[in-house]
Every structure is written in C-alpha cells, then in structure tokens.
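Reviewing the structure listed below.
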Amino acid sequence: EPLAVSVGIAAMKKKGEAVSGDRGTYFKTDAGVLCVILSDGMGTGEGAAAESREAVEILERFLRSGVDPATAMKILNSVMLLRNGDEWGYATVDLMCVDLFTGETSFYKYGAAPSYVRTGKSVKRVSGESLAAGLVAGEGAAPDVVRMRLKPGSLAVIASDGVVNGDDDAWLRELMREDKLEGDMKALARLVLRRSAEECGTSDDMTVLAVRVDTRI
C-alpha cells in the first residue's frame, strides 16, 4: 500500500456520568482499506454505551468479512431496528473508509455530526441529513455518503455531536489550518477535545478521532 494512515482518539465523559455513550475504533481490512468508526448512543450513561458498543461491533464484523461499507451500514440499521423491539433505542454511526492504494475515501453517516477534512489550507465540512441507525425505517434505508480522494498530508477530524455546537465550527476550522498539526494525531484529538470543552462546555459525551494520510515510508 503506497499510503499510510495514522489515527488518534480522545474522549471525555459528560459531566456527572460514570461512562461515555460514545464508542470509537479503527482497523485495516484485508483489502487494504482503513476503517474508522464512531458511534454515539441515545442519551448518556450505560444505556447509550451499550447501544454504541453494539453498533460498532456489528459494523466492524461485517466490514472485516468483506461486506461493502454501504451495504454493511444498511444491514446494521436493519439489525438495530429488529433488535430494539420494545426496548427501542438508536445510535448515530460515522464510518470513514480510506483505500490505502488510491486514497479514495468515503464517509458514511447515519445521524452523525459533521466531520472535517483539511487538504492544503482548505477545510471542508462533511455532513449528512439521515437519521440515526435504528430510526431509519424501511428496508435498505441508505446512509448519507460523501466521497473524495485524500492526498498525502490530508487531515480529517471525526467527532461526536457534543464536540461542535450546531454551525459554530469556526474555531475547529481555524485549529485544523494550523501548521503545527503535522505530527501526533492523538495530540491533535486531545487538542480538539480541550478546545471544544472551552468553546462548548462538557454537557454531553465528547469523542474525537483525528486521521492523517501520508505516503508510506
């Protein structure tokens, strides 16, 4: 694979909660695709944590077995609709897939907060209109999909909805344009989280995944 991707995760629980309702992970498939997943369970606490954990585990299982990402997201939605039954719940799902051979990247979203991508000095907001997984009724209800090609040096920030308040994202765009962000992605994720707490407070669970694409050395 000519490309390498580094990922950093940082998380903060809602003030007063014992656990976070967010769940994030990343892994590489046998086909050379890096998958980054973030799920935000309904509400906060143990119930939300169970929803997001289940969503991430189901989706990871399908993706690792070679299922097409869009199809995997649809199956996840159907599974959550069936499983919830009387104990109705849902979770937002964010999936980013980067082909390490071509740089072709796809963002799949069910009710998820916007993501941000920096190429050069330009920062693009990646958002969708769909509802969360477990809320989208109808067979084969599709997630929002945004596709682009990422080049070496590109950055992406995937965040749960506690990180940015509505459209007030100027602080995050400005932060992502800074030249000092060339290194440690865990440090970037922590920096975004710290700035978010200053800008928006800690009234929700907050999770940030920072992603950087580079040429493999």
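The values are calculated or read from the model by the stated rules, or taken from the named source; none is laboratory data. Everything numeric here is computed off the predicted structure, so don't read it as measured data. No Cβ is skipped: glycine too gets one built from the backbone with ideal geometry, and neighbour counts run over all protein chains shown. Protein only, heavy atoms only, side chains kept; ligands, DNA and RNA dropped before computing areas. Shrake-Rupley method; radii C 1.70, N 1.55, O 1.52, S 1.80 Å.
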Checklist outcome for this item: Residue separation between ARG177 and GLU198 times 0.36 nm, minus their alpha-carbon distance, gives in nm 5.7 nm
Item to check | Positive-end residue of VAL33, TYR110, ALA49, charge dipole of the chain with Cβ unit charges | outcome: VAL33
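Counting only protein heavy atoms and using a 1.4 Å probe, what share of the accessible area of the chain belongs to carbon plus sulfur, as a whole percent? Please report the intermediate quantities before stating the final value.
Details: 4820 of 9890 Å².
That share works out to 49 percent.
Quick one: length gained pulling LYS151 to LYS186 fully straight, 0.36 nm per residue minus the C-alpha distance? Please list the in-between numbers first.
Working: separation 35, 0.36 × 35 = 12.60 nm, distance 2.03 nm.
Taking LYS151 through LYS186 to full extension adds about 10.6 nm, to one decimal.
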Next on the checklist: Treating only the Cα positions of the stretch 1-132 as identical point scatterers, give the base-10 log of I(q)/I(0) from the Debye formula at each q in 0.09, 0.13, 0.20 Å⁻¹.
Outcome noted: -0.27, -0.57, -1.23
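For the chain, give the magnitude of the charge dipole about the Cα centre (Cβ charges: +1 Lys/Arg, -1 Asp/Glu; no others), in debye to the nearest 20. Can you show the working numbers first?
Values: 27 positive and 33 negative charges, 152 e Å.
Using only the charged Cβ atoms, the result is roughly 740 debye.
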Checklist outcome for this item: Rounded to whole Å², per residue accessible area for the chain with a 1.4 Å probe reads 46 Å²
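In the neighborhood of ARG64, defined by Cβ-to-Cβ distances under 14 Å, what is the net charge if each Lys or Arg adds +1 and each Asp or Glu adds -1?
On the way: positive: LYS28, ARG61; negative: ASP30, GLU57, GLU60, ASP68.
Computed value for this residue: -2.
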Item to check | Volume in Å³ per residue [convex hull over Cα atoms, computed for the stretch 161-216] | outcome: 88 Å³
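Past 19 Å, Cα to Cα: identify those pairs from LYS28/LYS124; LYS14/LYS124; LYS13/LYS186; LYS124/LYS151, in the order given.
Details: LYS28/LYS124 25 Å; LYS14/LYS124 28 Å; LYS13/LYS186 17 Å; LYS124/LYS151 14 Å.
Violating the 19 Å limit, Cα to Cα: LYS28/LYS124; LYS14/LYS124.
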